[in-house]
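The values are calculated or read from the model by the stated rules, or taken from the named source; none is laboratory data. Nothing here was measured: the structure is a model prediction, and the numbers come from that model. So basically every Cβ, Gly included, is an ideal-geometry build from the backbone, and we count neighbours across all protein chains shown. Each accessible area value is taken on the protein alone, full model and side chains, heavy atoms only, with ligands, DNA and RNA left out. Shrake-Rupley method; radii C 1.70, N 1.55, O 1.52, S 1.80 Å.
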There are 2 protein chains.
Amino acid sequence: MVDHQAQRARIADALMRVAADRGLEAVSVRHVAAEAGVSTGMVQHYFRTKDAMMAFALDMVSRNAEARIAADAPSLGANPTPRALVRTLLVQILPLDETRTREAKVTLAFLAYAAVRPEAGARLHEIATGMRAFLAAQIRAAAAVADPETAATALFALVDGLGMHMLTGQCSPEAALATLDAHLDSVLGRP
Amino acid sequence: MVDHQAQRARIADALMRVAADRGLEAVSVRHVAAEAGVSTGMVQHYFRTKDAMMAFALDMVSRNAEARIAADAPSLGANPTPRALVRTLLVQILPLDETRTREAKVTLAFLAYAAVRPEAGARLHEIATGMRAFLAAQIRAAAAVADPETAATALFALVDGLGMHMLTGQCSPEAALATLDAHLDSVLGRP
């Protein structure tokens, strides 16, 4: 009996490695099959198109980050401040260790892919809407700025921009964290 | 007599179209040659590798933006405020019209490319250093924040993040401009 879940996970894992190590252009049925050690037919059984593979990789990254955020939540205590909640979420997106760097590379590959294929962007729009709603709610709760929606849009763009600058060697992890903390001070108050 | 400058410009233009319309993965000697209507040997004569093509495209984008900024400068009058100078520069990076959208797609393709090829990032690091130094100098001149270097890192990341969110349908042009203006108010003072 074939364990479909395990097979799918194995292929998805290979796909993540290909995207993170060699970039978007290497994500093809052929390369992913070679990396997973399975046939191209097997990969096509699980992912019919490159679009489907890319979307699955993005969802995996998103689920992994959510799992880490959930794991961190108890350490915040019973009544975390909006700032603590927001910071816990955002540091799980920044490429601050090997796992997050790999995931950020997959995300950046997906973004570059979606920029020239608008139809691939639907899932991104959904993720962005959820992210901004959460950030705006926390910023509203902290009551430090006049326009929480605009502040949420800025905070989300800032973190994605910092992550991209880290991945491409334009910004050190230390500078990125210091920049994030200074910005959180201004929109959510000092810790 | 072959006009080398014209030939090179023709190939570079084809490269920009390929990168902006079909993305990073389509940037190959073969595709660029087809788009330019020349032989693959001709493309290879001007660009020996994909790295060389990508770096050239990034430089073209950067020079085009600089030319637009220089063209806008006189409209700022004799003594522009730091805020007016910074805004003039940053709106030329955001994908707010067809030309800038095309250029922003090329830049995003390059960033995704550089994220998995650190050696391709040297030129990016140079551009980022120049950009942050300019922004920090203007922020220092406006004297509205305590740490101009961190504010410059944030502003640069914010604009690149907003641009990426616009390209991928996560943020409207109107929301991006409103977010940029609110941020400029806070680090450079109101206009």
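Quick notes
- Protein accessible area in the range A:27-181, 1.4 Å probe - carbon and sulfur %: 57
- Taking a ≥ b ≥ c as the square roots of the eigenvalues of the Cα gyration tensor, an a/c ratio of 1.5 or more together with a/b no larger than b/c marks the range A:144-191 as oblate.
- Average beta-carbon neighbours from other chains, 10 Å sphere, peptide A:120-130: 2
- Note on A:165-177: average number of Cβ atoms from other chains within 10 Å of each residue's Cβ is 6.
- Over the protein assembly as shown, the ratio between the Cα radius of gyration and 2.2 N^0.38 Å evaluates to 1.03.
- When nucleic acids and ligands are ignored and a 1.4 Å probe is applied, B:Thr88 ends up with an accessible area of around 20 Å².
- Loop-located trypsin sites (Lys or Arg not before Pro) in the range A:14-54 whose Cβ has at most 13 other Cβ within 10 Å (DSSP): A:Arg48
- Rolling a 1.4 Å probe over the heavy atoms of the protein chains gives the protein assembly as shown an accessible area of 44 Å² per residue.
- For the Cα trace of chain A, dividing Rg by the Kirkwood Rh returns an Rg/Rh value of 1.02.
- MRE, 222 nm, helices only [DSSP H, n ≥ 4, -39500 (n - 2.57), over chain B, to nearest 500]: -24500 deg cm²/dmol
- For residues of A:181-188, the mean tally of beta carbons on other chains within 10 Å: 3
- Student exercise, the protein assembly as shown dipole from Lys, Arg, Asp, Glu Cβ charges, in Debye to nearest 20: 460
- Simple point charges give the picture: +1 on the Cβ of Lys and Arg, -1 on the Cβ of Asp and Glu, and for the range A:23-167 a dipole about the Cα centre of about 60 debye.
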